[in-house]
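This report refers to the structure that appears directly beneath it.
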Amino acid sequence: MVINAPRQTSHLKREILIRLIKAFYTDDFGENARLIPYQMRPKDFEAPYRCCVYKERAILRDRTIAGLGLSIEETDDSIHMAELAKKVLDREQPEEHPLTVLQTACKGCVPSRIYVTDLCQGCVARPCVNTCKFGAISVKNGKSVIDPDKCKNCGMCAQVCPYQAITKIIVPCESACPVGAIAKDENGHAKIDFEKCISCGKCVSACPFGAVHEKSQIIDVLKNIKAGKKVIAMVAPAMFGQLPCSPKQLKAAIQQLGFADVYEVAQGADITTQNEAKEFEERLVKGEEFMTTSCCAGYNELVDKHIPELKPFRSDTKTPLYYTAEIVKKEHPDAVTVFFSPCVAKRREALKTDTVDYVLNYEEIGAWFIAMNIKVEDCAESEFKTESSAEARNYAVTGGVAKAVKTLIPEEIPVYPVVVDGLNKQSIRDLKKYAKNGVCELGNLIEVMACTGGCLGGNATVNAFKPALKQLTNYVNESKSLKEPDEAAESK
Amino acid sequence: MDKKISVKVCLGTTCFVMGSANLQELIDTVPAKYGDKVEVSGVPCLGLCSIDWEFSKAPYVKVDDEVIKEATVEKVLKAIDERLK
Ligand code: SF4
Ligand code: SF4
Ligand code: FES
């Protein structure tokens, strides 16, 4: 399976972010933000994707609106960009729901349905007609025809056709969503039901038109830096596999953006590991059958919204981000904290955590470096004040959290880690089953990651999965293990 | 023997963020496909991105002297094939 497949749509989103950041640093932010679509699609430009430059500009304007952190659906076309830019400069808090859909892009994407292709031979057996429980198929002029009013989209006919002449057309966002939170409405526009949405970001990655956008908080962060506030970056472990530089160079590069200091979230992960190991031991001694981890924000939303019966089994330990932000605010009560995140889900967690002020993802950070012409690979090195463990830095890789927790559990307690590597309909069914039966037959320490591959597979990462894994693993290997050095060497 | 074709995948910050992260696979797949006829490597900033608004055309790959803008795996392989004809 391919994680983080190359996406042309990311190019567009990143280009807009870069232009927006550059616009912010000019004398007239509003006007220069307004000009972005015109600069990207000047007069006489041949429209590469749509019918004409005008339509493309309209779409680019909508993407710019998401870059400003506003809802595309709720923003009227007629409002002047300068007015929107002002609104963003004045706001105190990011918007509640982190996603917004560019619905005009959905037009070209066919609704999910069952479709009979030219391969239909109008055969004598007609298994399709016989299989359909709803009587939706009949044969006309020697070909199968589906009555859309009767068809329930079950796909049984597609399975039985010996010529494989019937296919199910899928809507990428709908089929990627593990909880059925996004669907096309009667106008063919995708709509997210935020009551159900767990902010996993899978629709963002799946949509071939790049229609689902994260509402960026980049302007909010830039504004605070420009105002001379003490802005502190908290960098999740996954970040160290994202850019062509060493971790210490990355720290220096982030400082060049105007951040007062940079903390590794691995520092908080070391606390999570300790607390979770203690908690696991207590729970097992009490006779509980299993415990799940609680560091993935997408998983936490899944449990809260869809599997409340799993709550008693989820560890009460806080996330690495929580502990890190707590430390930062204690050491710098006047700081504005910004979390550097690989995914959308953490935006929701941040909103619920008082100590985390803003979230930026890796696309946004990358765009920011480009806008400021900072070449991370040429930066000098800057040391982190606190050394984090190898295990903590490995949290970003699927299996890494369970492995870290296991390291600190005394030998007499039996630990059998189970890794849920990515949420999908099947893994959600499995989790529900464990909650219902009160036991998981595969093990007792269940690590759940919403993204396949762990945080390195997050929707807002920049690097491809394999090289990111290699880069992060190098960092992990040069870090000190929680175990005794000789033991650590043995288990490698 | 003919001169080897040289392929330089820019792995500078701009190109990396704009998509050459996904071109790194070429560094493994090209030698596997073309053997020693092609020499491929990841290189630091080619200096093409900082001119004006040219970041928007990143990532860049150089196949001999030809500059490929908005490079994709397919575009690069096509350029190599052209040369081997
Ligand atoms: S995949 Fe979903 S969001 Fe993307 S264009 Fe199709 S309907 Fe819209
Ligand atoms: S973010 Fe995840 S849960 Fe929400 S609509 Fe998209 S795919 Fe569904
Ligand atoms: S980073 Fe590729 S040309 Fe500058």
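The values are calculated or read from the model by the stated rules, or taken from the named source; none is laboratory data. Values in this document were obtained by computation on a predicted structure and should not be read as measured data. Every residue, glycine among them, receives a Cβ derived from its backbone with ideal geometry; neighbour counts consider all protein chains shown. Protein only, heavy atoms only, side chains kept; ligands, DNA and RNA dropped before computing areas. Shrake-Rupley method; radii C 1.70, N 1.55, O 1.52, S 1.80 Å.
Observations on the model:
- A:Glu447 accessible area, assembled protein chains, probe 1.4 Å, Å²: 0 Å²
- Protein heavy-atom surface of segment A:258-414, 1.4 angstrom probe: 49% of the accessible area is carbon and sulfur, with nucleic acids and ligands not counted.
- Loop-located trypsin sites (Lys or Arg not before Pro) in segment A:273-314 (DSSP state not H, G, I, E or B) with no more than 16 neighbouring Cβ atoms inside 10 Å: A:Lys286.
- Set B:Lys8/B:Lys37; A:Lys87/A:Lys223; B:Lys4/B:Lys85; A:Lys230/A:Lys352; A:Lys55/A:Lys107; A:Lys286/A:Lys425 screened for pairs whose C-alpha atoms are more than 20 Å apart: A:Lys230/A:Lys352; A:Lys286/A:Lys425
- Our helix-only sum for chain A, with -39,500 (n - 2.57) per DSSP H run of n ≥ 4 divided by its residues, gives a mean residue ellipticity at 222 nm of -11500 deg cm²/dmol.
- Relative to one another, the C-alpha centroids of segment B:66-80 and segment A:457-480 are positioned 26 Å apart.
- Taking N as its residue count, the alpha carbon Rg of segment A:220-490 over 2.2 N^0.38 Å: 1.00
- Two-site FRET efficiency, A:Phe384 against A:Glu279, from Cβ-Cβ distance with R₀ of 41 Å, rounded to 0.05: 0.90
- Loop-resident trypsin sites (Lys or Arg not before Pro) (DSSP state other than H, G, I, E or B) in segment A:110-157 with no more than 16 further Cβ atoms inside 10 Å of their Cβ: A:Lys133, A:Lys150, A:Lys152.
- From the alpha carbon centroid of segment A:364-424 to that of segment A:131-181 is 44 Å.
- Of A:Lys311, A:Lys466, A:Lys13, the residue with the largest accessible area leads and the full order is A:Lys466, A:Lys311, A:Lys13 (1.4 Å probe).
- Calculated SAXS-style log₁₀ I(q)/I(0) at q = 0.16, 0.23 Å⁻¹ - segment A:364-442, Debye, Cα scatterers: -0.86, -1.16
- Annotation: A:Ser78 carries an accessible surface of approximately 100 Å², with a 1.4 Å probe and no ligand, DNA or RNA atoms counted.
- Scattering curve values for segment A:220-350, log₁₀ I(q)/I(0), Debye with Cα scatterers, q = 0.12 Å⁻¹: -0.55
- Cα-based Rg of chain A normalised by 2.2 N^0.38 Å, two decimals: 1.07
- Taking N as its residue count, the alpha carbon Rg of chain B over 2.2 N^0.38 Å: 1.03
- Axial C-alpha extent at least 24 Å, average Kyte-Doolittle at least 0.0 - helices from chain A (DSSP): A:8-24
- Based on DSSP H segments of at least four residues, each scored -39500 (n - 2.57), chain B has a per-residue ellipticity at 222 nm of -8500 deg cm²/dmol.
- Here A:Met156 sits with roughly 70 square angstrom of accessible surface, probe radius 1.4 Å.
- Convex hull volume per residue for segment A:113-169, taking Cα atoms only, in Å³: 68 Å³
- Segment A:1-107: chymotrypsin sites (Phe, Trp or Tyr not before Pro) in DSSP loop, at most 16 other beta carbons within 10 Å: A:Tyr25, A:Phe45, A:Tyr49
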